[in-house]
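> Mind having a look at this structure? Questions to follow.
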Amino acid sequence: MSHYPEACFLKSANAVSQFVSDDGAEVAVAGRSNSGKSSAINVIVNRRQFARTSKTPGRTQLVNFFSLGGSRRLVDLPGYGFARVSDTVRRHWGQLLSDYFQSRNSLKGLILVVDIRRQLTDFDAQMIEFAESVGLPIHILLTKADKLKRGQQAKALLDVRKAVDDRASVQTFSALKRSGETEAREVLDEFLGSKGN
């Protein structure tokens with residue numbers, strides 16, 4: 001059974017004016033294209049096809065709002081990198097993301113999805129900067145951990161922890177093996193519950 005039985009899609013937005021009402025608490029999930037973001041969201045919420053997965057990276061091109069019940073939301077942000085889009089679209093995404101972080105009082109945390117084999121990219125650094133600029137806590141999911149042996153996982157985890165220092169918490173995660181899902185869900189709940197801060 002889903003940890004969030006009332007979870008449902010609310011709307012997609014391509015401009016600040018289309019964002020849902022800025023109340024309650026929401027957590028943003030960001031990740032470069034092909035980082036396994038949709039699969040991670042599906043496992044954490046425990047709903048198949050909740051966030052659509054695709055063989056074509058970069059399908060999330062809008063800011064997608066999901067209700068987790070009550071006034072709690074999860075927000076799936078556009079991922080880019082492998083996405084084949086024009087420079088104009090890329091610039092629009094960058095501005096849209098910047099506007100999103102700057103305008104949302106209900107935003108309580110960022111979960112950043114990173115392919116454990118790729119380490120942190122320029123996109124990830126930009127997301128961390130956006131979050132830090134508005135004082136958000138950040139949690140990094142190193143996805144596709146099943147693709148590496150245990151020793152390699154431990155080294156990748158240590159490398160990312162060193163790279164971000166105390167700016168973010170970091171964990172390994174595998175949607176395929178469902179490893180790390182409880183820890184990730186606890187972080188999501190903690191962020192969502194911090195609306196009084």
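The values are calculated or read from the model by the stated rules, or taken from the named source; none is laboratory data. Everything quoted here is computed from the prediction, not taken from an experiment. Counting neighbours? That spans all protein chains shown, and the Cβs are built from the backbone with ideal geometry, glycine included.
> May I ask you to list pairs of residues, at least six apart or on different chains, whose Cβ atoms are under 8 Å apart, with the first in the stretch 131-147 being over 14 Å from Ala168 (Cβ atoms) and in contact (Cβ under 8 Å) with a residue 24 or more places away in the chain and the second being part of a strand (DSSP E or B) and of a type in the set (S, T, N, Q)?
Matching pairs, first to second residue: Thr143/Ser174; Lys144/Ser174; Ala145/Thr172; Ala145/Ser174; Ala145/Ser179; Asp146/Ser174; Asp146/Ser179.
> State yes or no: is Asp124 assigned to a helix (DSSP H, G or I), free of Cβ contacts under 8 Å to residues at least 60 places away in the same chain and at negative phi?
When the stated conditions are applied, Asp124 does not pass them.
> Only residues that are charged (D, E, K, R) and surrounded by 18 or more Cβ atoms within 10 Å (Cβ to Cβ): list them for the stretch 8-40, please.
Glu26, Arg32, Lys37
> Please work out which residue is nearest to Val45 (Cα to Cα), limiting yourself to the stretch 129-162 and to residues that are small (Gly, Ala, Ser) and crowded, with 16+ Cβ neighbours inside 10 Å.
The extreme case among them is Ala145.
> If you don't mind, there's one more thing I want to ask. Please verify whether the stretch 97-120 includes one or more residues that are without any contact (Cβ under 8 Å) to a residue 24 or more places away in the chain and either surrounded by fewer than 13 Cβ atoms within 10 Å (Cβ to Cβ) or of a type in the set (Val, Ile, Thr) (or both).
Within the stretch 97-120, not a single residue is without any contact (Cβ under 8 Å) to a residue 24 or more places away in the chain and either surrounded by fewer than 13 Cβ atoms within 10 Å (Cβ to Cβ) or of a type in the set (Val, Ile, Thr) (or both).
> Take the residues of the stretch 151-197 that are polar (S, T, N, Q) and assigned to a helix (DSSP H, G or I): which is nearest to the chain's Cα centre (by Cα)?
Looking at residues that are polar (S, T, N, Q) and assigned to a helix (DSSP H, G or I), I get Thr182.
> Output the residues belonging to the stretch 48-73 that are out of contact with any helix residue (DSSP H, G or I) (no Cβ under 9 Å at 6 or more places or on another chain) and modelled with pLDDT of 80 or more.
Correct list: Asn64, Phe65, Ser67, Gly69, Gly70, Ser71.
> Can you pull out every residue in the stretch 75-91 that is over 15 Å from Asp22 (Cβ atoms) and at pLDDT 90 or above?
Result: Asp76, Leu77.
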